[in-house]
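Written out below as structure tokens is the structure these notes cover.
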């Protein structure tokens, strides 16, 4: 479903991504791990073109995304993204955060969108927060609302950019649990994270990156129990698990 | 004192000059503010869109020139150039000349205020908007602008108060606004004190009302979100 070919990204003279090749199939749950600053987040941002790749191609269901002819806004509807800092819209209530995109894009009528939003909020137990503003929620609640906001568009692929890095341990759990539930529904997901236990439980594929390159790729078992490269061994020693 | 007040306001229905001046001042200020806002929004959007996407290079260059020229020359010169040069051979209502001159002038300042307001919003908001499939204009309308307007309201209020007072420059090309009205009356009574004090008080009342309105809006926006 998603193919990344020879992708590179440079900011000025610094190379952040070097020749990345990656294929994500339907129903894959891909975890991307690696030390901070290794280009994990930039890779996600290059996939949905929030960052423009310097070289290479990103194909989503065969459509080249970094092509001038492609209407990237239409594609982004199918690729949800969740950010480390949640990025909820602070001037809008929870419900308006959630229904903004589907209504303004003309995908759902307002009452349909509200109905769908209520169902989703109900599922994650946040129904009573429907008329609150984001600042009145806890971090974990905000992130779960952000996830729902992306789910409203029925994305085929969901990308998570360190979704729990700004949260304390208890809140991390509620977000990670929601993500596990999503994985069980068969949604294709790419998650950049530092939560190794979660990666073991959740992912069917793990990608290890260092200095803007993919060093190793495999099942969680391969990666954690049988690391091949020196870099991965060092990385796993440093995080002591 | 009473006699001089009588001479200034009542005799010969002179208060009508003040009313005429007040009316023209208000008309010019009101429409110039609207014109300034429209120009300001357009210019700031051109410049922001260019900053974000590197497109619209020529328009961005023109917008920059406009802002620099307007901010770099006195408003009285701009007014005279519009009246004596651009509309030299055209029979045009002088009030409209005033609205155009002050609106074009204010637009440059308003555009910088709005630009600062847009830049004050965390770029994660734009990215979240993009990630939801929204395009630039929808993100601006529904996400960035509503947040920016709250941050820039004090600066905008300031600009409108400045504009209201600046319309007095219109007297220079013969627009009968408040300042000109006081001048006309003073030239008849040979007494400058009262006419000037009267218009000063009127300006003061107008700006007090205006800043109260801005305060009210600030509080209203504050209640809605923050």
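The values are calculated or read from the model by the stated rules, or taken from the named source; none is laboratory data. In this text, all values refer to a predicted model and were calculated from it rather than measured experimentally. Every residue, glycine as well, gets a Cβ built from its backbone with ideal geometry; the counts of neighbours run over all protein chains shown.
In the set B:199, B:176, which member is at pLDDT 90 or above, more than 14 Å from chain A (Cβ to nearest Cβ), part of a loop (DSSP other than H, G, I, E, B) and over 14 Å from the mean Cα position of the chain (by Cα)?
Among B:199, B:176, only B:176 is at pLDDT 90 or above, more than 14 Å from chain A (Cβ to nearest Cβ), part of a loop (DSSP other than H, G, I, E, B) and over 14 Å from the mean Cα position of the chain (by Cα).
Give the number of residues within the stretch B:141-165 that are within 14 Å of the chain's Cα centre (by Cα) and within 14 Å of chain A (Cβ to nearest Cβ).
Count: 1.
Anything in the stretch A:49-58 that is out of contact with any helix residue (DSSP H, G or I) (no Cβ under 6 Å at 6 or more places or on another chain) and not in a strand (DSSP E or B)? List them, or say none.
Kept after step one, since they are out of contact with any helix residue (DSSP H, G or I) (no Cβ under 6 Å at 6 or more places or on another chain), are these residues of the stretch A:49-58: A:52, A:54-57.
Correct list: A:52, A:54.
Just one of B:135, B:54, B:105, B:60 is surrounded by fewer than 19 Cβ atoms within 10 Å (Cβ to Cβ) and more than 14 Å from chain A (Cβ to nearest Cβ); which is it?
Working: B:135 fails: more than 14 Å from chain A (Cβ to nearest Cβ); B:54 fails: more than 14 Å from chain A (Cβ to nearest Cβ); B:105 fails: surrounded by fewer than 19 Cβ atoms within 10 Å (Cβ to Cβ).
Step by step, each of B:135, B:54, B:105, B:60 is checked, and only B:60 is surrounded by fewer than 19 Cβ atoms within 10 Å (Cβ to Cβ) and more than 14 Å from chain A (Cβ to nearest Cβ).
Within the bounds of the stretch B:17-33, is there any residue that is surrounded by 14 or more Cβ atoms within 10 Å (Cβ to Cβ), in contact with a helix residue (DSSP H, G or I) (Cβ under 6 Å, 6 or more places away or on another chain) and assigned to a loop (DSSP other than H, G, I, E, B)?
The answer is no, given that none of the residues of the stretch B:17-33 is surrounded by 14 or more Cβ atoms within 10 Å (Cβ to Cβ), in contact with a helix residue (DSSP H, G or I) (Cβ under 6 Å, 6 or more places away or on another chain) and assigned to a loop (DSSP other than H, G, I, E, B).
I need the strands (runs of 3 or more DSSP E) fully contained in the stretch A:184-241, keeping only those with at least 3 residues that are crowded, with 21+ Cβ neighbours inside 10 Å and touching a helix residue (DSSP H, G or I) at 6+ places or on another chain (Cβ under 8 Å). Walk me through how you get there before you give the answer.
Working: elements: A:188-192, A:205-210, A:213-218.
Answer list for the stretch A:184-241: A:188-192, A:205-210.
Restricting attention to the stretch A:136-151, does a residue exist that is under 26 Å from residue A:92 (Cβ atoms), over 15 Å from the mean Cα position of the chain (by Cα), within 14 Å of chain B (Cβ to nearest Cβ) and surrounded by 21 or more Cβ atoms within 10 Å (Cβ to Cβ)?
Yes, there is a match, as at least one residue in the stretch A:136-151 is under 26 Å from residue A:92 (Cβ atoms), over 15 Å from the mean Cα position of the chain (by Cα), within 14 Å of chain B (Cβ to nearest Cβ) and surrounded by 21 or more Cβ atoms within 10 Å (Cβ to Cβ).
Working only within the stretch A:152-166, note down all residues that are in contact with a strand residue (DSSP E or B) (Cβ under 8 Å, 6 or more places away or on another chain), surrounded by fewer than 24 Cβ atoms within 10 Å (Cβ to Cβ) and more than 10 Å from chain B (Cβ to nearest Cβ).
Narrowing the stretch A:152-166 to residues in contact with a strand residue (DSSP E or B) (Cβ under 8 Å, 6 or more places away or on another chain): A:153, A:155-163.
This time we only want the ones that are surrounded by fewer than 24 Cβ atoms within 10 Å (Cβ to Cβ), so: A:153, A:155-158, A:162.
Within the stretch A:152-166, A:156, A:157, A:158, A:162 meet the criteria.
Would you check if residue B:168 is under 17 Å from the mean Cα position of the chain (by Cα), surrounded by 17 or more Cβ atoms within 10 Å (Cβ to Cβ) and part of a helix (DSSP H, G or I)? Give the derivation first.
On the way: under 17 Å from the mean Cα position of the chain (by Cα): yes; surrounded by 17 or more Cβ atoms within 10 Å (Cβ to Cβ): yes; part of a helix (DSSP H, G or I): yes.
In short, yes.
Could you say which residue among B:42, B:113 is part of a helix (DSSP H, G or I) and either in contact with a strand residue (DSSP E or B) (Cβ under 7 Å, 6 or more places away or on another chain) or within 30 Å of residue B:21 (Cβ to Cβ) (or both)? Explain how you work it out, then say what you get.
Details: B:42 fails: either in contact with a strand residue (DSSP E or B) (Cβ under 7 Å, 6 or more places away or on another chain) or within 30 Å of residue B:21 (Cβ to Cβ) (or both).
Result: B:113 is the single residue among B:42, B:113 that is part of a helix (DSSP H, G or I) and either in contact with a strand residue (DSSP E or B) (Cβ under 7 Å, 6 or more places away or on another chain) or within 30 Å of residue B:21 (Cβ to Cβ) (or both).
Return the residue satisfying two criteria in turn: it lies in the stretch A:7-42 and is within 20 Å of residue A:219 (Cβ to Cβ) and not in a strand (DSSP E or B), and of such residues it is nearest to the chain's Cα centre (by Cα).
A:40
Do we find a residue being out of contact with any strand residue (DSSP E or B) (no Cβ under 7 Å at 6 or more places or on another chain), at pLDDT 95 or above, within 14 Å of chain B (Cβ to nearest Cβ) and not in a helix (DSSP H, G or I) anywhere in the stretch A:109-124?
No, because not a single residue in the stretch A:109-124 is out of contact with any strand residue (DSSP E or B) (no Cβ under 7 Å at 6 or more places or on another chain), at pLDDT 95 or above, within 14 Å of chain B (Cβ to nearest Cβ) and not in a helix (DSSP H, G or I).
Name the residues in the stretch B:64-76 that are within 18 Å of the chain's Cα centre (by Cα) and either surrounded by 11 or more Cβ atoms within 10 Å (Cβ to Cβ) or modelled with pLDDT under 95 (or both), would you? Talk me through it step by step, then tell me what you get.
We begin by selecting, within the stretch B:64-76, every residue within 18 Å of the chain's Cα centre (by Cα); these are B:66-76.
Answer for the stretch B:64-76, where residues must be within 18 Å of the chain's Cα centre (by Cα) and either surrounded by 11 or more Cβ atoms within 10 Å (Cβ to Cβ) or modelled with pLDDT under 95 (or both): B:66, B:67, B:68, B:69, B:70, B:71, B:73, B:75, B:76.
Please verify whether residue A:105 is surrounded by fewer than 20 Cβ atoms within 10 Å (Cβ to Cβ), facing chain B (nearest Cβ under 8 Å) and either farther than 23 Å from residue A:173 by Cβ or in contact (Cβ under 8 Å) with a residue 60 or more places away in the chain (or both), treating the condition exactly as stated.
On the way: surrounded by fewer than 20 Cβ atoms within 10 Å (Cβ to Cβ): yes; facing chain B (nearest Cβ under 8 Å): yes; either farther than 23 Å from residue A:173 by Cβ or in contact (Cβ under 8 Å) with a residue 60 or more places away in the chain (or both): yes.
Answer is yes for this residue.
Among the residues of the stretch B:77-97, how many are over 22 Å from the mean Cα position of the chain (by Cα) and closer than 18 Å to residue B:108 by Cβ? Before you say what the answer is, go through the steps one by one.
First pass over the stretch B:77-97, keeping only residues over 22 Å from the mean Cα position of the chain (by Cα): B:85, B:88-91.
With the extra rule that they be closer than 18 Å to residue B:108 by Cβ, the set shrinks to none.
The number of residues fulfilling the criteria is 0.
Looking at the stretch A:48-73 only, could you name the residues that are under 19 Å from residue A:187 (Cα atoms) and at the interface with chain B (Cβ under 8 Å from one of its Cβ atoms)?
Across the stretch A:48-73, the qualifying residue is only A:48.
So which pairs qualify, if the first residue must be in the stretch B:49-66 and closer than 15 Å to residue B:105 by Cα, the second must be part of a loop (DSSP other than H, G, I, E, B), the Cβ gap must be under 9 Å, and the two must be at least 6 apart or on different chains?
What qualifies is B:63/B:56.
Name the single residue, out of those in the stretch A:74-101 being more than 9 Å from chain B (Cβ to nearest Cβ) and crowded, with 19+ Cβ neighbours inside 10 Å, that is farthest from residue B:141 (Cα to Cα).
A:94
Sort out which residues of the stretch A:164-182 are farther than 21 Å from residue A:209 by Cβ and part of a helix (DSSP H, G or I), and write them in order of number.
Passing the criteria: A:169, A:170, A:171, A:172, A:173, A:174, A:175, A:177, A:178, A:180, A:181, A:182.
Just to verify a result, which residue in the stretch A:125-135, among those that are within 14 Å of chain B (Cβ to nearest Cβ) and surrounded by 15 or more Cβ atoms within 10 Å (Cβ to Cβ), is nearest to the chain's Cα centre (by Cα)?
Step one: of the stretch A:125-135, the residues within 14 Å of chain B (Cβ to nearest Cβ) are A:131-135.
Imposing the further condition that a residue be surrounded by 15 or more Cβ atoms within 10 Å (Cβ to Cβ) reduces the set to A:132-134.
Working: A:132: 25, A:133: 24, A:134: 20 Å.
Once the filter is applied, the top-ranked residue is A:134.
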